[in-house]
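Working notes, beginning with the structure itself.
The values are calculated or read from the model by the stated rules, or taken from the named source; none is laboratory data. This structure is a prediction, so every number in the text was calculated from the model and none was measured. No Cβ is skipped: glycine too gets one built from the backbone with ideal geometry, and neighbour counts run over all protein chains shown. Ligands, DNA and RNA are stripped out before the accessible areas are found, and what is left, the full protein with its side chains, is counted by its heavy atoms. Shrake-Rupley method; radii C 1.70, N 1.55, O 1.52, S 1.80 Å.
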Amino acid sequence: MPSAVVVRRGHFNAAHRLHNPDRSDEWNRNAFGPCNNPNFHGHNYEVEICVEGDIDPETGYVVDVAILKALFDQYIHSVLDHRNLNLDVEWFANRLPSAENIAVFIWEQLAPRIPAGRLQKIRLWETPRNYVEDSG
């Protein structure tokens, strides 16, 4: 049976601050630079949800992209969009909201909910030049 990778792209805006409370302010400034701004800073994130699987002979789909959109809207966009990740999102209460950890959060929310195929990769663009990938 032929297989394919389906990719759905989503978008959200969020603020965060990279600061390790177990380290000194000087260490944090050196480690995180402007991302350590005490007043936070924001990004326009782009997310690629990549699902791999066999193509269903009845639908021609690996998974319906409308389902991926609905999952993204319910479990990612509604939780992260226009939020301060440090203050508003419980998952980050004890984690730095780095792009790497945001990608892990997205993976954890979506992987068990994909109804067909399997989540292959999350690609999170923090800026037009910087992205991270998580493959579980």
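A quick yes/no check of all residues on (1) open to solvent by less than 30 Å² (accessible area, probe 1.4 Å); (2) closer than 22 Å to residue 104 by Cβ; (3) of a type in the set (D, E, K, R); (4) assigned to a loop (DSSP other than H, G, I, E, B):
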position: 7; (1), (2), (3), (4): no, yes, no, no
position: 13; (1), (2), (3), (4): no, yes, no, no
position: 28; (1), (2), (3), (4): yes, yes, no, no
position: 44; (1), (2), (3), (4): no, yes, no, no
position: 52; (1), (2), (3), (4): no, yes, yes, no
position: 63; (1), (2), (3), (4): yes, yes, no, yes
position: 66; (1), (2), (3), (4): no, no, no, no
position: 70; (1), (2), (3), (4): no, yes, no, no
position: 78; (1), (2), (3), (4): no, yes, no, no
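Only one of (1) touching a residue at least 24 places away in the same chain (Cβ under 8 Å); (2) open to solvent by 40 Å² or more (accessible area, probe 1.4 Å); (3) outside any loop (DSSP other than H, G, I, E, B) is not met by residue 112, so which one is it?
(1)
Among the numbered criteria (1) open to solvent by 70 Å² or more (accessible area, probe 1.4 Å); (2) at positive phi; (3) free of Cβ contacts under 8 Å to residues at least 12 places away in the same chain, which one does residue 82 miss?
(3)
Determine, yes or no, whether residue 20 is touching a residue at least 40 places away in the same chain (Cβ under 8 Å), among the polar types (S, T, N, Q) and not in a helix (DSSP H, G or I).
yes
Among the residues of the range 23-52, write down those that are among the aliphatic types (A, V, I, L, M) and either touching a Cys at 6+ places or on another chain (Cβ under 6 Å) or touching a residue at least 40 places away in the same chain (Cβ under 8 Å) (or both).
47, 49, 51
With the checklist (1) under 20 Å from residue 20 (Cα atoms); (2) open to solvent by less than 50 Å² (accessible area, probe 1.4 Å); (3) assigned to a loop (DSSP other than H, G, I, E, B) in hand, flag the one item residue 102 doesn't pass.
(3)
Would you say residue 19 is open to solvent by 20 Å² or more (accessible area, probe 1.4 Å) and within 18 Å of residue 125 (Cα to Cα)?
no
Among the residues of the range 123-134, is any at pLDDT 95 or above, open to solvent by 50 Å² or more (accessible area, probe 1.4 Å), among the aromatic types (Phe, Trp, Tyr) and in a loop (DSSP other than H, G, I, E, B)?
No, the conditions are met nowhere in the range 123-134.
Out of the residues in the range 86-99 that are touching a residue at least 24 places away in the same chain (Cβ under 8 Å) and not in a helix (DSSP H, G or I), which is least open to solvent (accessible area, probe 1.4 Å)?
Per the stated criteria, the residue is 97.
With the condition kept exactly as written, say whether any residue in the range 35-53 is small (Gly, Ala, Ser), over 24 Å from residue 88 (Cα atoms) and in contact with a strand residue (DSSP E or B) (Cβ under 9 Å, 6 or more places away or on another chain).
Yes, the conditions are met somewhere in the range 35-53.
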